[in-house]
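The values are calculated or read from the model by the stated rules, or taken from the named source; none is laboratory data. If you're wondering where the values come from, they're calculated on a predicted model, not measured in any experiment. Note that we place each Cβ from the backbone using ideal geometry, even for glycine, and neighbour counts take in every protein chain shown. In case anyone asks, the SASA skips ligands and DNA or RNA and just uses the protein heavy atoms, side chains included. Shrake-Rupley method; radii C 1.70, N 1.55, O 1.52, S 1.80 Å.
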Amino acid sequence: MGKAPDRSQWAGNFGEWFHRVLSEVPVYDIRYPVKGTGVWTPYGFKIRKEVTDVIREELVKRGHEEVLFPLLIPEYMLKKEAEHIRNFEEQVFWVTHGGTTPLDVKLALRPTSETAIYPMFQLWINAYSDLPVKIFQIVSVFRYETKATKPMIRVREVSTFKEAHTAHATREEAEMQVKEGVEIYSRIFERLGIPFVKSVRPDWDKFPGAEYSVAFDTVMPDGKVLQIGTVHFLGQGFSKAFDIKYMKADGGYENVWQTCYGISERVIAALISVHGDDHGLVLPSRVAPIQVVVIPIVYKGREDEILRACVGVAEELEKAGFRVKLDDRKEETPGSKYFTWELKGVPVRVELGPRDFDKGTAVLVRRDSLEKVTVERTSLVEEVKSLLERIDLDLKERAKKWLDEQIVKKEDLEDAKKVLESRGGIVELNWCGNVGCGQDLEAKLDARVLGIPYEDSRNPEGSCVNCNSKANMIIRVARSY
RNA sequence: GGGGCCGUAGUCUAGCUUGGACUAGGAUGCAAGCCUGGGGCGCUUGUGAUCUCGGGUUCAAAUCCCGACGGCCCCA
């Protein structure tokens with residue numbers, strides 16, 4: 001029996017832990033000499049690929065089609081929706097020259113693609129029979145962040161931006177789509193084992209141009225909240241700005257109703273963070289580039305038979321559909337191999353040495369708990385399969401439990417502040433619903449209002465923690481990335 | 001928006017206050033070998049830094065000054 005790996009560095013010095021894991025695994029190399037950018041390494045790219053495949057599967061399953069729009073957006077298009085540009089203006093990278101010739105029309109590197117996509121919607125959508133439109137793309141977007149950047153979390157090139165855009169005939173349909181978007185995202189995060197809370201963002205923090213925004217947040221090991229996904233109800237704001245109309249059955253015209261929703265590589269940062277420990281990555285099997293690693297325990301004189309047995313085991317597991325790696329390097333000791341593959345987060349390790357060989361067994365070690373079990377060689381495939389399932393479930397549960405512990409309800413401001421300052425996490429408070437009061441609350445707590453719980457039937461008793469007037473809702477507050 | 005700290009091999013870091021004995025030290029990594037082999041062991045050898053860049057002060061700059069770029073923190 002191994003003992004569960006420590007999480008003291010993970011919890012106690014998350015920033016350092018995150019940096020160390022990204023560079024040692026390696027996942028993402030931040031040494032590229034442009035601020036706020038990074039390089040996905042081969043192993044990191046594989047994880048990213050598995051994650052984007054999960055996202056893609058869930059969207060396609062619900063009728064979304066993948067597209068690819070240009071990176072460049074002409075200035076006049078970007079500026080069509082007033083509120084949108086007001087919020088993004090300060091963070092746009094501009095292409096101003098072609099060679100040495102200044103461009104007549106400046107071109108923006110998309111900070112997000114509403115203003116690239118909606119002019120095409122205007123061309124594509126003519127009649128109600130063209131609706132709904134549900135598309136998505138996975139691309140890079142660029143934002144000139146002026147604050148400190150952080151790998152994968154606050155970047156200038158968001159290199160994995162999945163954005164979905166939909167258009168509908170009626171408000172009701174579009175609002176149903178918001179619900180579907182929320183369901184899709186819930187499903188994606190559940191498959192990745194990432195726990196979350198859903199909040200309706202306050203008016204002062206919704207997506208620029210949206211009527212309302214539903215956001216998914218998770219808590220990182222240091223107690224800070226990370227936004228991992230958002231779903232926006234756009235109403236008709238953009239369709240009016242971009243003149244997207246359809247002909248109704250009665251011959252009249254109406255502007256379409258729109259939604260959009262986005263997920264970025266922050267979800268990968270969350271995946272890495274919520275499951276990890278002091279040995280490194282811990283990956284759910286769905287996204288692990290290698291699901292099972294086979295390690296021969298070689299003794300002098302028995303090298304060949306052990307190695308052959310390991311090749312057999314690897315082939316058998318591969319045939320059963322697992323992503324398998326046989327680590328037959330002669331120059332490394334078994335111990336050092338354990339550390340290598342633990343760092344990389346491989347969910348299950350198979351050890352096979354002379355003792356097992358003689359008894360017809362193998363040793364399985366699970367990455368999350370480091371527990372070892374000896375199994376019959378003949379039932380290896382089934383044992384690995386059920387162990388992977390077990391690990392995925394346990395990971396998800398552990399993360400969920402951890403998040404639940406980070407959410408506390410407080411009845412007064414001082415308590416709330418103490419919690420936010422000492423351990424972070426999410427604090428729920430009774431609130432009146434007044435915008436001025438909410439912003440005052442943010443200033444007093446030096447924290448951000450995440451919003452009110454989405455689809456939550458709880459009714460607050462008593463009064464607003466800040467202004468003492470009657471409480472109308474529960475509000476979530478946290479310090480965030 | 002305002003204030004502060006920092007930049008030394010792939011990575012982490014010592015040295016900087018008080019300029020010279022710095023030929024820039026260590027750990028880790030990487031490479032080769034021996035030893036080992038069911039948890040990074042040990043030993044030997046090798047490798048790797050124009051001290052972020054540009055300018056200045058000085059007989060002399062990793063060290064002091066100015067600027068750029070980059071990293072980080074705090075306050076509003």
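Numbers at a glance
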| quantity | calculated |
| --- | --- |
| Those strands (runs of 3 or more DSSP E) lying entirely in segment A:77-189 with at least 2 residues among the hydroxyl-bearing types (Ser, Thr, Tyr) | A:157-168 |
| Count - residues of segment A:405-416 that are in contact (Cβ under 8 Å) with a residue 40 or more places away in the chain and assigned to a helix (DSSP H, G or I) | 2 |
| Residue in segment A:333-343 that is at pLDDT below 95, in a loop (DSSP other than H, G, I, E, B) and within 22 Å of A:Leu281 (Cα to Cα) present | yes |
| Residue check for A:Thr333: surrounded by fewer than 14 Cβ atoms within 10 Å (Cβ to Cβ) and either within 8 Å of RNA strand B (Cβ to nearest atom) or under 31 Å from the mean Cα position of the chain (by Cα) (or both) | yes |
| Neighbours by Cβ (under 6 Å, 6+ apart or cross-chain): first from segment A:136-153, farther than 18 Å from A:Thr52 by Cβ; second more than 16 Å from RNA strand B (Cβ to nearest atom) and part of a loop (DSSP other than H, G, I, E, B) | A:Arg143/A:Pro111 |
| Sole exception among (1) over 28 Å from A:His275 (Cβ atoms); (2) surrounded by 22 or more Cβ atoms within 10 Å (Cβ to Cβ); (3) of a type outside the set (Asp, Glu) for A:Arg171, by number | (2) |
| Options A:Val54, A:Val39, A:Val34: the member that is within 16 Å of RNA strand B (Cβ to nearest atom), farther than 30 Å from A:Ala241 by Cβ and at pLDDT 90 or above | A:Val39 |
| Search result, residues across segment A:355-379 that are near RNA strand B (Cβ under 8 Å from one of its atoms), open to solvent by 40 Å² or more (accessible area, probe 1.4 Å) and in contact with a Gly (Cβ under 9 Å, 6 or more places away or on another chain) | A:Lys372 |
| Members of segment A:433-454 found to be open to solvent by less than 20 Å² (accessible area, probe 1.4 Å) and part of a loop (DSSP other than H, G, I, E, B), listed by number | A:Ala447 |
| Given (1) part of a helix (DSSP H, G or I); (2) without any contact (Cβ under 8 Å) to a residue 40 or more places away in the chain; (3) away from RNA strand B (no atom under 16 Å from the Cβ), index of the condition A:Lys396 fails | (2) |
| Selection within segment A:455-481 - closer than 10 Å to A:Ser199 by Cβ and open to solvent by 30 Å² or more (accessible area, probe 1.4 Å) | A:Asp456 |
| Some residue of segment A:372-381 being without any contact (Cβ under 8 Å) to a residue 12 or more places away in the chain and closer than 18 Å to A:Val225 by Cβ | no |
| Any hit, segment A:371-383, residues being in a loop (DSSP other than H, G, I, E, B) and either under 16 Å from A:Ala4 (Cα atoms) or assigned by TED's automatic domain parsing to the domain that holds A:Val293 (or both) | yes |
| Pair list, Cβ < 7 Å and 6+ apart or interchain, from segment A:189-201 residues that are on the phi > 0 side of the Ramachandran plot to residues that are open to solvent by 40 Å² or more (accessible area, probe 1.4 Å) and modelled with pLDDT of 95 or more | A:Gly193/A:Asp392; A:Gly193/A:Lys396 |
| Residue match in segment A:152-162 (condition: surrounded by 19 or more Cβ atoms within 10 Å (Cβ to Cβ), modelled with pLDDT of 95 or more and in contact with a His (Cβ under 9 Å, 6 or more places away or on another chain)) | no |
| Qualifying residue in segment A:297-304 (condition: of a type in the set (Ser, Thr, Tyr), surrounded by fewer than 21 Cβ atoms within 10 Å (Cβ to Cβ) and assigned to a helix (DSSP H, G or I)) | no |
| Test for A:Leu352: is it under 30 Å from the mean Cα position of the chain (by Cα) and near RNA strand B (Cβ under 8 Å from one of its atoms) | no |
| Qualifying residue in segment A:315-330 (condition: at pLDDT below 95, near RNA strand B (Cβ under 9 Å from one of its atoms) and surrounded by fewer than 19 Cβ atoms within 10 Å (Cβ to Cβ)) | yes |
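Results for (1) open to solvent by less than 10 Å² (accessible area, probe 1.4 Å); (2) assigned by TED's automatic domain parsing to the domain that holds A:Ala164; (3) touching a residue at least 40 places away in the same chain (Cβ under 8 Å), shown as yes or no for each residue.
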position	(1), (2), (3)
A:Asp203	no, yes, yes
A:Lys206	no, yes, no
A:Ala215	yes, yes, yes
A:Thr218	yes, yes, yes
A:Lys245	no, yes, yes
A:Tyr253	no, yes, no
A:Val256	yes, yes, yes
